[in-house]
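Okay, structure first, notes after.
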Amino acid sequence: MQNIHFFSEDISFNLKKKTILRNWIKEIIKRKGAHLNEINYVFCSDAYLKQINIDYLDHHYFTDIITFDNSEEEDSIEADIFISIDRVKENSTEYSKNFEEELHRVMIHGVLHLLGYPDKTEEEQKVMRQEEDQSLSLLLPFENQ
């Protein structure tokens, strides 16, 4: 049974390397001492994610990711993670990264939030970037299997 699922809403998007990404995400969660129940990734448009931002968070702006933590137990991961493909494309251009690298960064960013890493303050953002970089460095061995 797969406990990491990939969906798209209101856009046509096909994620590449699903099995590799599932294994990588599971490894990050395991290394942080948590248990994976289920993660649903939903890839969508800017407009779709902005509406979720308005409806559920009362934020009236675009964002690249919204993570809903549905877990009921500590150290247990169960979530819905919404990612705007429009925003990831724009950010990859803005930060001079390729699309896949930026997408993987955003995907693991959501997981890191679930693992207890906030990013509200400048110091928290610095730690989050370090964790993202460390997690991304672990993806390469999975890609080479």
- Is segment 46-65 home to any residue that is assigned to a helix (DSSP H, G or I), touching a Ser or Thr at 6+ places or on another chain (Cβ under 6 Å) and of a type in the set (D, E, K, R)? yes
- Note on the structure: Contact list, first residue from segment 112-125 and more than 18 Å from Ser76 (Cβ to Cβ), second anywhere and among the charged types (D, E, K, R), beta-carbon distance below 9 Å, six or more apart or interchain, is Pro118/Glu124; Asp119/Arg129; Gln125/Asp119
- Pair list, Cβ under 7 Å, 6 or more apart: segment 130-145 residue under 14 Å from Lys26 (Cβ atoms), other residue surrounded by 11 or more Cβ atoms within 10 Å (Cβ to Cβ) and not hydrophobic (A, V, I, L, M, F, W, C): Leu138/Glu27; Leu139/His104; Phe142/Asn23
- Assess whether Ile81 counts as being within 16 Å of the chain's Cα centre (by Cα), within 21 Å of Glu101 (Cα to Cα) and either at pLDDT 95 or above or buried (at least 18 other Cβ atoms within 10 Å of the Cβ) (or both). yes
- Query: Would you call Glu90 free of Cβ contacts under 8 Å to residues at least 24 places away in the same chain, surrounded by 14 or more Cβ atoms within 10 Å (Cβ to Cβ) and more than 19 Å from Asn3 (Cα to Cα)?
  - Reply: yes
- Item | Yes/no for Lys126 being among the basic types (Lys, Arg), part of a loop (DSSP other than H, G, I, E, B) and exposed (fewer than 15 other Cβ atoms within 10 Å of the Cβ) | no
- Filter segment 1-20 for residues that are over 18 Å from Cys44 (Cα atoms) and either more than 16 Å from the chain's Cα centre (by Cα) or of a type outside the set (Ser, Thr, Tyr) (or both); the one that is surrounded by the fewest Cβ atoms within 10 Å (Cβ to Cβ) is Met1
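The values are calculated or read from the model by the stated rules, or taken from the named source; none is laboratory data. Remember, predicted model here, so these are calculated numbers, not experimental data. Cβ atoms come from the backbone with ideal geometry, glycine included; neighbour counts cover every protein chain shown.
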